[in-house]
Amino acid sequence: LPLGCVPARVRPPNGANCPLSPVLLLTDGHHAPLSRRNKPTRQVVTLSHSALSSPVQPETGAAALAALAASGGYSHVVCASTSWGKGLLPRAAALAGVQPVTDVVRFDEGGDAFVRPIYAGNALETVRYAQGAVPEGQPKYISVRTTAFEAVPAEGGAAGVEAAAGPAELEAAAEEQASEFVSAETSAGERPDLGTASVVVSGGRGLKSGDNFHLVEELADALGGAAVGASRAAVDAGFCANDMQVGQTGKIVAPDLYVAVGISGAIQHVAGMKDSKVVVAINKDGEAPIFEVADYGLKADLFEAVPELAEKVKAARA
């Protein structure tokens with residue numbers, strides 16, 4: 001897992017390139033062979049230290065990232081807006097005395113202007129650093145919403161690998177670290193990760209109870225083993241686990257196909273899936289807001305429509 005990255009050429013959804021160069025990845029020694037094969041990567045810097053054993057704690061990771069970014073003369077430090085990134089980037093930016101710009105979905109003006117969603121995705125704002133806002137010698141700190149950018153080729157690159165010495169700041173942070181990793185519990189499953197799946201089927205309050213959530217899972221299976229998500233209402237009602245929530249306060253997804261089953265389409269939920277390429281909605285309420293963002297809508301009783309749709313999909317795929 002990279003500590004951070006200073007990319008230089010990213011491709012936003014509109015196809016325009018952001019001319020930041022070169023691309024550099026900061027990672028540990030274990031991930032260097034994989035990182036160097038990413039086609040846009042020009043250089044991989046590795047940093048090995050006992051305080052950076054996986055998983056990296058934000059306090060020590062931030063100290064290492066801030067020190068190396070300042071000493072390398074880089075223009076931008078970019079990190080994904082994941083739970084881990086949200087713990088790392090603000091700390092590193094604070095150490096550098098820089099205000100971070102978060103949840104960026106597009107770079108404009110050659111990488112000096114940043115577009116990000118506000119008001120639950122109902123509007124986009126463009127921000128840029130004011131003159132003098134970034135101390136001399138420090139980079140700009142940016143986090144990006146990964147679903148807004150095309151994946152770069154994982155093969156075809158041959159970046160050089162350079163080992164960096166652990167900065168003094170890292171040693172100090174390791175001595176003062178107030179937290180330590182104890183253990184991790186992960187939910188193993190056969191379904192693809194919700195945040196990166198190409199097909200997602202989500203269920204909402206219209207399912208009425210958790211006992212009916214199997215309808216969503218059966219449709220996901222019929223679609224070839226799609227990821228399964230849920231609305232906040234379904235999660236709050238105890239229909240499924242919290243880590244399945246799609247929305248502003250859950251996971252942001254942008255699959256090729258998103259199927260919303262029994263979901264009304266509250267702003268909070270739409271903010272997490274509106275970038276999906278194709279949206280299919282199934283709801284018995286023809287006035288439900290979800291139909292406003294859906295490419296295809298089916299006004300029907302989900303308890304009849306979903307099993308029938310699953311059978312037809314299975315037959316078509318057979």
Ignoring ligands, DNA and RNA, what accessible area per residue does the range 210-297 give at 1.4 Å, in Å²?
42 Å²
Mind grabbing the accessible area of LEU223 for me, 1.4 Å probe, Å², rounded to tens?
40 Å²
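Quick one: grab the alpha carbon gyration tensor of the range 275-318, order the square roots of its eigenvalues as a ≥ b ≥ c, and give me rounded if a/c is under 1.5, else prolate or oblate depending on whether a/b is larger than b/c. Display every interim value, and only then the final one.
On the way: a/c = 3.87, a/b = 1.40, b/c = 2.76.
Judged from the Cα gyration tensor, the range 275-318 comes out oblate (a/c at least 1.5, b/c at or above a/b).
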Among the lysines, which fall within straight-line cross-link reach of LYS86, defined as a Cα-Cα distance under 24 Å, with same-chain neighbours fewer than 8 residues apart omitted?
LYS140, LYS251, LYS274
Per-residue counts of other Cβ atoms within 10 Å, averaged by peptide: what ranking do you get for 136-146, 120-130, highest first?
136-146, 120-130
Treating only the Cβ of Lys, Arg, Asp and Glu as charged (+1, +1, -1, -1), what charge dipole size does the range 195-283 show about its Cα centre? Round to the nearest 20 debye.
300 debye
If amide H atoms are modeled at 1.01 Å from N in the peptide plane, then the residues at a separation of 5 or more from ARG106, or on another chain, having amide H under 5 Å from its own are VAL115
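Once the Cβ-Cβ distance between GLU311 and ALA130 is put in as r, and R0 is 41 Å, what FRET efficiency do you end up with, to the nearest 0.05?
0.10
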Using packing as a proxy for protection, rank 76-82, 297-303 so that the peptide with the highest average count of other Cβ atoms within 10 Å comes first.
76-82, 297-303
Set the Förster distance to 51 Å, then compute FRET efficiency between ASP211 and SER75 from the Cβ-Cβ distance, nearest 0.05.
0.40
Under the 0.36 nm per residue contour assumption, what length would be gained going from the current alpha-carbon distance of ASP112 and GLU176 to full extension?
19.5 nm
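The values are calculated or read from the model by the stated rules, or taken from the named source; none is laboratory data. All figures in this text were calculated on a predicted structure; none of them were measured in a lab. For neighbour counting, all protein chains shown are included, and Cβ atoms are generated from backbone atoms with ideal geometry for every residue, glycine included. The accessibility values were calculated without ligands, DNA or RNA, using every heavy atom of the protein model including side chains. Shrake-Rupley method; radii C 1.70, N 1.55, O 1.52, S 1.80 Å.
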